[in-house]
Amino acid sequence: MTVDQQIRERFKEAKRVLVASHVRPDGDAVGSVLALGLALEQAGKNVEMVLVDGVPSSFRHLKGSEKIRRHPTAPFDLFVSVDCADRKRLGEALQPLGAPHLNIDHHVTNERFGELNLIEPDAVATAAILTDHLPRWGLEITLPVAEALLNGIVTDTLGFRTSNVTPHALRQAADLMERGANLPELYMRGLVRRSLAAARYWGAGLSRLRYEDGIIWSILTLEDRRQAGYTSNDDADLINVISAIDGGRVGMIFVEQENGHVKISWRALEEGIDVAQVARALGGGGHQAAAGADIRGTLEDVVPHVLQLTKRMLSGVSEVHSSA
């Protein structure tokens, strides 16, 4: 029996399904949870969709987003993780539930932590995997599902600007548009439009931009977040602004967290640079061109250590290890 056949049987037999994704959810996480959750609801299943950090404001326009909860509230007989490379990133509220029954993802660093794993690293987004596979599982791509799927594809490719974009991904987008999904609106809301608080938060980070040995980087502090009035614990996608700056080989941002951690995001600004190897050395993961990690410590300790590891990677060191 193929993986598709096994997944189809699992969905057919399930009565109540929990669908979840990673902390600090991006557009692919939100889109994938919504697409699969809504498709299963359409098929008559009782579904609970969970993102422990909630839905970012830039994705609350998606139909069904109001159904997403921060923690599970009812028993389930099928637990599905989407767009999450390791079980810890599902968040503390979901750790007591154990390993998901199904793990669907496109990250090359995925730890295959599900009982059944569908991992396609060549896909531009987990939403792209679902676009191909939902019909194979007997699930319908209605308009709300199509919008959620296209949201995931558009945001994870930064509007089809990442190096992994393929003709197939463009054909998927065209097919979803033919089902009624509004590409210009999804692009504008997911990638361009920002709140005034987010813009102020960006200003703090942009004022600290640094360049060192091919790395363009900045930091965002808890005080920056407070003064800007920005309520989420991410970088408001400032990393995508940094990655558009000429002259560097890697873009990075360090975001201070309230729990004594620092979140780091990397973007490779040249083809052939593998930032995921640095993220993996620090307990994180991602893709060759885009990766992230979450490290315990202060900005004063974390920033120089991580910059040193990133410089080692750029200097051609074949194996990057963290001594932290």
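A compact table of results
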{"read-out": "Positions within the range 165-211 being among the hydroxyl-bearing types (S, T, Y) and assigned to a helix (DSSP H, G or I), in sequence order", "value": "Y187, Y201"}
{"read-out": "From N110, N117, residue being outside any helix (DSSP H, G or I) and either modelled with pLDDT of 95 or more or aliphatic (A, V, I, L, M) (or both)", "value": "N117"}
{"read-out": "Residue selected from the range 101-115 under the condition surrounded by fewer than 20 Cβ atoms within 10 Å (Cβ to Cβ) and acidic (D, E), by the criterion farthest from G284 (Cα to Cα)", "value": "E115"}
{"read-out": "Residue check, D175 surrounded by fewer than 22 Cβ atoms within 10 Å (Cβ to Cβ), in contact (Cβ under 8 Å) with a residue 12 or more places away in the chain and at positive phi", "value": "no"}
{"read-out": "Qualifying residue in the range 1-15 (condition: farther than 30 Å from S195 by Cβ, modelled with pLDDT under 95 and buried (at least 16 other Cβ atoms within 10 Å of the Cβ))", "value": "no"}
{"read-out": "Options V19, V47: the member that is assigned to a strand (DSSP E or B), in contact with a helix residue (DSSP H, G or I) (Cβ under 6 Å, 6 or more places away or on another chain) and more than 24 Å from G190 (Cα to Cα)", "value": "V47"}
{"read-out": "Odd one out for V303 among (1) of a type outside the set (S, T, N, Q); (2) touching a residue at least 60 places away in the same chain (Cβ under 8 Å); (3) closer than 29 Å to F59 by Cα", "value": "(3)"}
{"read-out": "Hits in the range 172-192 (condition: among the basic types (K, R) and out of contact with any helix residue (DSSP H, G or I) (no Cβ under 7 Å at 6 or more places or on another chain))", "value": "none"}
{"read-out": "Helices (runs of 4 or more DSSP H) wholly inside the range 212-291 that include at least 1 residues being closer than 26 Å to F59 by Cα", "value": "222-228, 238-242"}
{"read-out": "Leading residue by the ranking (surrounded by the most Cβ atoms within 10 Å (Cβ to Cβ)) among those in the range 229-287 that are under 25 Å from V82 (Cβ atoms) and among the acidic types (D, E)", "value": "D235"}
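Let's see how each residue does on (1) in a loop (DSSP other than H, G, I, E, B); (2) surrounded by fewer than 23 Cβ atoms within 10 Å (Cβ to Cβ); (3) without any contact (Cβ under 8 Å) to a residue 40 or more places away in the chain:
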{"site": "K63", "(1), (2), (3)": "yes, yes, no"}
{"site": "T73", "(1), (2), (3)": "yes, yes, yes"}
{"site": "S81", "(1), (2), (3)": "no, no, no"}
{"site": "Q95", "(1), (2), (3)": "no, yes, yes"}
{"site": "A99", "(1), (2), (3)": "yes, yes, yes"}
{"site": "D122", "(1), (2), (3)": "yes, yes, no"}
{"site": "L130", "(1), (2), (3)": "no, no, no"}
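The values are calculated or read from the model by the stated rules, or taken from the named source; none is laboratory data. Quantities reported herein were computed from a predicted structural model and do not represent experimental measurements. Don't worry about glycine lacking a Cβ; one is built from the backbone with ideal geometry, like all the others, and counts go over all protein chains shown.
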